[in-house]
Amino acid sequence: MNIKDTVSKIKSGKQSCRELLDEYIPVILDGQEKLNTYITLLLDSAKERAESLDARIAAGDSSGDLLGIPVAIKDNMMLSGTRTTCGSKILENYISPYTATAVGKLIDAGAVIVGKTNMDEFAMGSSGETSFFGPARNPNDPDRIPGGSSSGSAACVADSQVMGSLGSDTGGSIRQPAAMCGVVGMKPTYGYVSRYGLVAFASSLDQIGPFASNVEDAARIFTVIAGFDEKDSTSIAPGESDFVRWVHEKGMKLKIGIPREYMGGGLSGEIHNRIADTARRLERSGFEIKDISLPLTKYAVAAYYIVAPAEASANLARYDGVKYGYRTPSPDDLLEEYKVSRQEGFGDEVKRRIMIGTYALSSGYYDAYYLKAQRVRRLMERDFQEAFGDVDIILSPTSPTTAFKLGEKTQDPLQMYLSDIYTISCNLVGLPGINVPVGKDSAGLPIGAQLIAPWRCDGKLLYAARQVEKIYE
């Protein structure tokens, strides 16, 4: 059942919140054992929450668009009184002192949070393998990666452990694992969902978004978490309060552009053919398909891996073994305490990106690297503006390959970084994007199609996503 029908069932008294949760608990426990989807399970508090909701319903209050719905949140979002580790040793025992705005909105809407999901350390990774707590696994094949960095959030939805989850997307960390696991994953317009209470990786790129098994459920979760927040200086008001209505719109005929740069070398032949087939099906449904160009795409990975590590270098400077987090047990002096705490507390990928970012920001290199990357970012924005002058929506692959084997790319960081080649641009220019499952390859692994919409056109994006979903039903 979808979220709408399940909430209706609870509100009508046909099922209690606790009964619904009890149906999911065995699936969660089994999935955790096989897939390592969670860093922290919160089943005791989830039971208390479900029972309190049932008491509230019995007292006559059945409000809440997510009433009783089991959800999970990525472990880089604060939930007061619970661990928030970011998948890192340095925050292994950190307890959240407050609740993130997006998480608070889920709670206000009646959701039941069952756990904090596994993730690449500090959201730095494309496979789920950099987590201090061990890699998450793909429900379609546990020997393969689920994508990253929101690995557990995608896997738990794909494995039917929850009806929805939250992830964060800095360069594709929602859309790419959604494609690898075969679920819907949405990265909203930058600023539409508050980042207050999200542990920062790259502040100008990070955005919280939903995972769900279908477009309508994703739209429902997004409607709940979207909105202006005075606690986030980058927050903007969406301009509408109901994104679900776009899923049910009819008769809109959109021009859909396919960037030729996204369909070339490095793309799996099976994914290429499936995206081309999706375009043909949309054309038969009455949509106009147009070949377009985004010429600066070739610079996206290079620009991203200067901007994101630079911001990470600044944001992660606070983890020094003094204020909070892991502290090395027996330092010789204060400088040794700083150095060794960070050396022992951070994993290899995080240390690699901190060093890249610190170098790019250092005296003599700032103009050559960071400033130049920011200029490329602005030119990429112009690329998209010109493209959206001709088309309404952009269609592309989400990932160049389907889910690869665990350990296959851990020794080749560049190949790992290229896993996000089609998703990075969205973050650099702040546009909304979504992954929609469009079938499987010959090995039975999910293939995802990415849709990108103009800035602040998240409703139109959801409409287009639903049309793609419909042609594969």
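The values are calculated or read from the model by the stated rules, or taken from the named source; none is laboratory data. Note that this is a predicted model, so its numbers are computed, not measured. Positions of Cβ are generated from backbone atoms using ideal geometry, with glycine treated the same way; all protein chains shown enter the neighbour counts.
Brief remarks follow.
- Flag: LEU205 matches the condition of being of a type in the set (A, V, I, L, M), outside any strand (DSSP E or B) and closer than 26 Å to MET119 by Cα.
So that you can scan it fast, the table gives a plain yes or no per residue for (1) part of a helix (DSSP H, G or I); (2) over 19 Å from the mean Cα position of the chain (by Cα); (3) closer than 29 Å to LYS250 by Cα; (4) modelled with pLDDT under 95:
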position: ASP390; (1), (2), (3), (4): no, yes, yes, no
position: PRO400; (1), (2), (3), (4): no, no, no, no
position: ALA403; (1), (2), (3), (4): no, no, no, no
position: LYS409; (1), (2), (3), (4): no, yes, no, yes
position: GLN415; (1), (2), (3), (4): yes, yes, no, yes
position: GLY444; (1), (2), (3), (4): no, yes, no, no
position: GLY448; (1), (2), (3), (4): no, no, yes, no
position: TRP455; (1), (2), (3), (4): no, no, yes, no
position: GLN467; (1), (2), (3), (4): yes, yes, yes, no
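- Of all residues in segment 320-357, those satisfying the criterion of being among the hydroxyl-bearing types (Ser, Thr, Tyr) and either in contact with a Phe, Trp or Tyr (Cβ under 7 Å, 6 or more places away or on another chain) or closer than 13 Å to PHE132 by Cβ (or both) are TYR324, TYR326, SER341.
- Which numbered condition ILE421 misses (of (1) closer than 30 Å to ARG245 by Cα; (2) in contact with a helix residue (DSSP H, G or I) (Cβ under 7 Å, 6 or more places away or on another chain)): (1)
- Those residues of segment 216-245 which are small (Gly, Ala, Ser) and either closer than 24 Å to ARG466 by Cβ or surrounded by fewer than 16 Cβ atoms within 10 Å (Cβ to Cβ) (or both), in sequence order: ALA218, ALA219, ALA226, GLY227, SER233, ALA237, GLY239, SER241
- Counted residues, segment 344-369 - those being in a loop (DSSP other than H, G, I, E, B) and modelled with pLDDT of 95 or more: 2
- Yes/no for ALA373 being over 30 Å from MET252 (Cα atoms), at pLDDT 95 or above, in contact with a helix residue (DSSP H, G or I) (Cβ under 7 Å, 6 or more places away or on another chain) and assigned to a loop (DSSP other than H, G, I, E, B): no
- Pairs, first within 26 Å of LYS440 (Cα to Cα) and touching a residue at least 40 places away in the same chain (Cβ under 8 Å) in segment 386-414, second among the small types (Gly, Ala, Ser) and surrounded by fewer than 21 Cβ atoms within 10 Å (Cβ to Cβ), C-beta under 6 Å, six or more apart: PRO400/GLY266; THR401/SER268
- Segment 352-372, subset buried (at least 16 other Cβ atoms within 10 Å of the Cβ) and within 14 Å of PRO413 (Cα to Cα), residue farthest from the chain's Cα centre (by Cα): ILE356
- Condition met for ALA136 (among the aliphatic types (A, V, I, L, M) and assigned to a loop (DSSP other than H, G, I, E, B)): yes
- For segment 318-333, the candidate set comprises residues that are exposed (fewer than 15 other Cβ atoms within 10 Å of the Cβ) and within 26 Å of PRO97 (Cβ to Cβ); within that set, the residue that is farthest from the chain's Cα centre (by Cα) is PRO329.
- Of everything in segment 373-403 that is touching a Phe, Trp or Tyr at 6+ places or on another chain (Cβ under 9 Å) and among the hydroxyl-bearing types (Ser, Thr, Tyr), the residue that is surrounded by the fewest Cβ atoms within 10 Å (Cβ to Cβ) is SER396.
- Criterion (over 28 Å from the mean Cα position of the chain (by Cα) and at pLDDT 95 or above) met by exactly one of GLU288, GLU336: GLU288
- Residues in segment 1-37 that are touching a helix residue (DSSP H, G or I) at 6+ places or on another chain (Cβ under 8 Å), within 13 Å of GLY64 (Cα to Cα) and either free of Cβ contacts under 8 Å to residues at least 40 places away in the same chain or surrounded by 18 or more Cβ atoms within 10 Å (Cβ to Cβ) (or both): ILE3, THR6, ILE10, CYS17.
- Flag if ILE421 is farther than 21 Å from ALA308 by Cβ and touching a residue at least 60 places away in the same chain (Cβ under 8 Å): no
- Residue ranges of helices (runs of 4 or more DSSP H) in segment 228-320 with at least 2 members more than 22 Å from ARG378 (Cβ to Cβ): 244-247, 269-284
Results for (1) hydrophobic (A, V, I, L, M, F, W, C); (2) free of Cβ contacts under 8 Å to residues at least 60 places away in the same chain; (3) over 20 Å from THR6 (Cα atoms); (4) in contact with a strand residue (DSSP E or B) (Cβ under 6 Å, 6 or more places away or on another chain), shown as yes or no for each residue.
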{"residue": "GLU216", "(1), (2), (3), (4)": "no, no, no, no"}
{"residue": "THR223", "(1), (2), (3), (4)": "no, no, no, no"}
{"residue": "LYS250", "(1), (2), (3), (4)": "no, yes, yes, no"}
{"residue": "ILE256", "(1), (2), (3), (4)": "yes, no, yes, yes"}
{"residue": "GLU270", "(1), (2), (3), (4)": "no, no, yes, no"}
{"residue": "ILE275", "(1), (2), (3), (4)": "yes, no, yes, yes"}
